[in-house]
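The values are calculated or read from the model by the stated rules, or taken from the named source; none is laboratory data. Model, not experiment: these values are computed from the prediction. For neighbour counting, all protein chains shown are included, and Cβ atoms are generated from backbone atoms with ideal geometry for every residue, glycine included.
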């Protein structure tokens, strides 16, 4: 099986990789680029654990082929903190105990950041509907919603 | 809103506060490593071939073409795993039969469900492994199958095991059946009591199997060396149990297998047993390479145990004054492909919330052509509680009592006998009911198409074997190592108890989950036992360290050790020496470790008794759309006796998560089979777990009635919360539409049907 050569930007850095035609961006991130923070919960776009942004757009990386991201800019959970400084969402998730097992957390953080970029002052209902594509089986979402709203408050003050 | 009811003022500095979890940062930055995140040089990808048939005899398996495919390094079948004796081992409630277990890991004579593993390959890439699976030729003789529990119990049902004689019936039946076991518990004289009751309510119920729905599919990495030593990195609820079961299934010594605990992406009981680990290890043994297996979501649904579906009948007799005088329940549970549903728990816990003098609980464990069921949060108990709490609600309505008042009048108290023998010994049940009676929401008015439902629930909780090591580092910081997997923040609660006991700051304590070669045995993180049992081990190890620190202070001061006390993180002179020396902090003593005897370390292992049960009472408000049958949960309030909340945020999180799973179980979730016995909704699109927009805020009330048998009063908190949830939602829906709902899930078509049959009637 021949592989394709792809060049893309991941978390601000230019990367090159080889991938088979049918391999998803998620597989590439995890197995070729060793960025295992993006998780596979379903492989069918139903759980949101593999959420990344591609050219700023929130996407399930399991639904995109690796060969499709040529020339595109991808942001993953590994690029969310500014160096050693956590993003307000990351900090608020810790303060609010908004994670239990943590496997859905990277995807939810990426999705929540995407929400706050578009809507810095969401209502609770808007948060719940925006995150409806991200499953969490541990928390019942209560503390996740609180953390996102609190992070939004803090980010509006900055 | 979260309320906490405290029976006494706390004098604790760390316990009861809400610090940041010590393992938090890697989990928000993506650096935490879960089961699928490990790799080794030279690693192969393992893949499992699964049966397309629900029931078939395997005539032959030809792996030669797969074996010949370039890049394939090993192909295995059940022939690569040793056979086991047919015997049930361990306590009846959790008995294991390795003859069954090895057949569930890899089919032998027959496949027993769609998705049953039949062979596996290891190859240099996933694509080659996938291609190799397609080259394996299995010759099946397809057999008739049976999915439903009632149908599986019929005398003419297809038999999964042609020689299975029901256990628990005297004399033993002379014909085989799919009923693996019948169990019965009885106190008093139910027949006479029913004859004397003023009112009798009896109803039958059905529930669908539901999946735990952990977001992380089963995954592991395994390495088997030519000298027989092996290592496994596994995401599980207990790496010591994975070690024991995997070693047994491979026929190797436990001492030759080291299991490292990966972070676990949810378990809820579903990761108590191995699925991929024995296969990956067998492939590694055969190929000589490390092998990684990561399940797909479809494999998780089809081959990793869901919680059983059921068919149940519950009958309750009451006096006019509201006293329940007799109760009877018959609980038929789908075990799945091999015996071992949690029907015994269901029978034991069903009526445990109440003081009822005459009770009979009968359970049937029934095999059928579905995946073998696995534990799920208070295994078996939410199902029986759903039936019982529905009938309790009907009985309250029949005699015209408020459902909480009715429960309070009948509540079990210390001294109340249980159906399995011992008397209840712990307080805390009544307080959860009283908490909800006082809740302003309980008396809030409802609008049209809305209903309110309440329910209570009991769960044993668990103690058992745990180990902890406490190392005082050179600078006075402390390492706490345990063998308990951290599913939900238990590193934090264990570190908090250590800090409280030692009298030092929380952030001076760093907890780890140690692998099987680095700490004494620890049982599963299951049964709500970690903060309770492992907590006891941690506190005992800290006390041992304190004894050591006092002795060293005594040596430095040249006094007797009994003249040194430990207070606020310091050794202080006491007795005749009181005030003679400046206190020595843990840090100061650690600095002098070399001249006072060397490293300061203690390891303690316990088999923790003194467990206190979990108890929860919940109410829920719903609104039913009369045009579509869709149910919206408007409000959910859960009161649980937690003993003492070590980290209240994570205790609230347990309750919120349990309630959310209960809501999903009640409204959406089910395994749907086609007539060919194939699962039609093996994905999160069609198997609908609750999403954020489905749920309301889940209000928690932490009732704290301390467990006197734990140093900080802990009762397990992980499971009791889901026990009443199914019934609370069902009672609310029933009240909203004025018709008794008797089947889960209450999906829109079923609710609409109930509404329509009411209209017709």
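A few notes on this one:
- Screening residue B:435 on (1) surrounded by fewer than 24 Cβ atoms within 10 Å (Cβ to Cβ); (2) out of contact with any helix residue (DSSP H, G or I) (no Cβ under 7 Å at 6 or more places or on another chain); (3) not assigned by TED's automatic domain parsing to the domain that holds residue B:675 shows it passes everything except condition (3).
- From the list A:56, A:71, the one residue that fits, being within 23 Å of residue A:15 (Cβ to Cβ), away from every other protein chain (no Cβ under 11 Å) and in contact with a strand residue (DSSP E or B) (Cβ under 7 Å, 6 or more places away or on another chain), is A:71.
- Within the range B:216-249, being in a loop (DSSP other than H, G, I, E, B) and either touching a residue at least 24 places away in the same chain (Cβ under 8 Å) or crowded, with 24+ Cβ neighbours inside 10 Å (or both) holds for B:216, B:217, B:218, B:226, B:228, B:229, B:235, B:236, B:237, B:238.
- Counting the residues of the range B:252-268 that are surrounded by fewer than 24 Cβ atoms within 10 Å (Cβ to Cβ) and within 14 Å of chain A (Cβ to nearest Cβ) gives 1.
- Taking the range B:445-455 as the range and being touching a strand residue (DSSP E or B) at 6+ places or on another chain (Cβ under 8 Å) and over 15 Å from residue B:638 (Cβ atoms) as the test, the residues that pass are B:446, B:447, B:449, B:450, B:451.
- Residue count for the range B:505-539, restricted to those that are closer than 16 Å to residue B:480 by Cβ and surrounded by fewer than 21 Cβ atoms within 10 Å (Cβ to Cβ): 9
- Single condition residue B:419 does not satisfy, out of (1) in contact (Cβ under 8 Å) with a residue 60 or more places away in the chain; (2) not in a loop (DSSP other than H, G, I, E, B): (2)
- Of the residues making up the range B:683-692, those that are without any contact (Cβ under 8 Å) to a residue 24 or more places away in the chain and facing chain A (nearest Cβ under 7 Å) are B:685, B:691, B:692.
- Output for the range B:693-749, where each listed residue is under 20 Å from the mean Cα position of the chain (by Cα), within 14 Å of chain A (Cβ to nearest Cβ) and in a helix (DSSP H, G or I): B:721, B:722, B:725
- Residues that are in a loop (DSSP other than H, G, I, E, B) and more than 7 Å from every other protein chain (Cβ to nearest Cβ) within the range A:100-124 comprise A:119, A:120, A:121, A:122, A:123, listed in sequence order.
- Residue within the range A:73-92 that is under 26 Å from residue B:669 (Cα atoms) and touching a helix residue (DSSP H, G or I) at 6+ places or on another chain (Cβ under 6 Å) present: no
- Subset of the range B:620-633 (residues that are within 14 Å of chain A (Cβ to nearest Cβ) and buried (at least 24 other Cβ atoms within 10 Å of the Cβ)): B:620
- Counting the residues of the range B:634-682 that are more than 10 Å from every other protein chain (Cβ to nearest Cβ) and part of a helix (DSSP H, G or I) gives 3.
- Of everything in the range B:215-242 that is over 14 Å from residue B:293 (Cβ atoms) and touching a helix residue (DSSP H, G or I) at 6+ places or on another chain (Cβ under 8 Å), the residue that is nearest to the other protein chains (Cβ to nearest Cβ) is B:230.
- Residue tally, condition under 26 Å from the mean Cα position of the chain (by Cα) and surrounded by fewer than 18 Cβ atoms within 10 Å (Cβ to Cβ), over the range B:184-203: 1
- Complete set of residues in the range B:24-51 that are in a loop (DSSP other than H, G, I, E, B) and either at pLDDT below 95 or in contact with a strand residue (DSSP E or B) (Cβ under 8 Å, 6 or more places away or on another chain) (or both): B:32, B:33, B:38, B:39, B:40, B:43, B:51
Conditions tested, residue by residue: (1) within 14 Å of chain A (Cβ to nearest Cβ); (2) touching a helix residue (DSSP H, G or I) at 6+ places or on another chain (Cβ under 9 Å); (3) part of a strand (DSSP E or B).
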residue	(1), (2), (3)
B:452	no, yes, yes
B:455	no, yes, yes
B:458	no, yes, yes
B:474	no, yes, no
B:493	yes, yes, no
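- Test for residue B:270: is it within 30 Å of residue B:206 (Cα to Cα) and part of a loop (DSSP other than H, G, I, E, B): yes
- Filter pass, residue A:97 being at pLDDT below 95 and either in contact with a helix residue (DSSP H, G or I) (Cβ under 7 Å, 6 or more places away or on another chain) or within 11 Å of chain B (Cβ to nearest Cβ) (or both): no
- In this structure, residue A:36 qualifies as within 30 Å of residue B:649 (Cα to Cα), modelled with pLDDT of 95 or more and at the interface with another protein chain (Cβ under 8 Å from one of its Cβ atoms).
So that you can scan it fast, the table gives a plain yes or no per residue for (1) loosely packed, with under 15 Cβ neighbours inside 10 Å; (2) touching a helix residue (DSSP H, G or I) at 6+ places or on another chain (Cβ under 7 Å):
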| position | (1), (2) |
| --- | --- |
| B:146 | no, yes |
| B:172 | yes, no |
| B:182 | no, no |
| B:205 | no, yes |
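- The residue that is surrounded by the most Cβ atoms within 10 Å (Cβ to Cβ), among those in the range B:30-46 that are within 14 Å of another protein chain (Cβ to nearest Cβ) and touching a helix residue (DSSP H, G or I) at 6+ places or on another chain (Cβ under 7 Å), is B:44.
- Scanning the range A:1-23 for residues that are touching a residue at least 60 places away in the same chain (Cβ under 8 Å) and in a loop (DSSP other than H, G, I, E, B), we see that the one that is nearest to the other protein chains (Cβ to nearest Cβ) is A:11.
- Qualifying residue in the range B:306-326 (condition: surrounded by 21 or more Cβ atoms within 10 Å (Cβ to Cβ), within 14 Å of another protein chain (Cβ to nearest Cβ), more than 30 Å from residue B:361 (Cβ to Cβ) and under 25 Å from the mean Cα position of the chain (by Cα)): no
- Residue within the range B:98-120 that is over 27 Å from residue B:682 (Cβ atoms) and away from every other protein chain (no Cβ under 14 Å) present: yes
- Screening A:127, A:145, A:64, A:85 for residues that are crowded, with 16+ Cβ neighbours inside 10 Å and more than 8 Å from every other protein chain (Cβ to nearest Cβ) leaves exactly one candidate, A:64.
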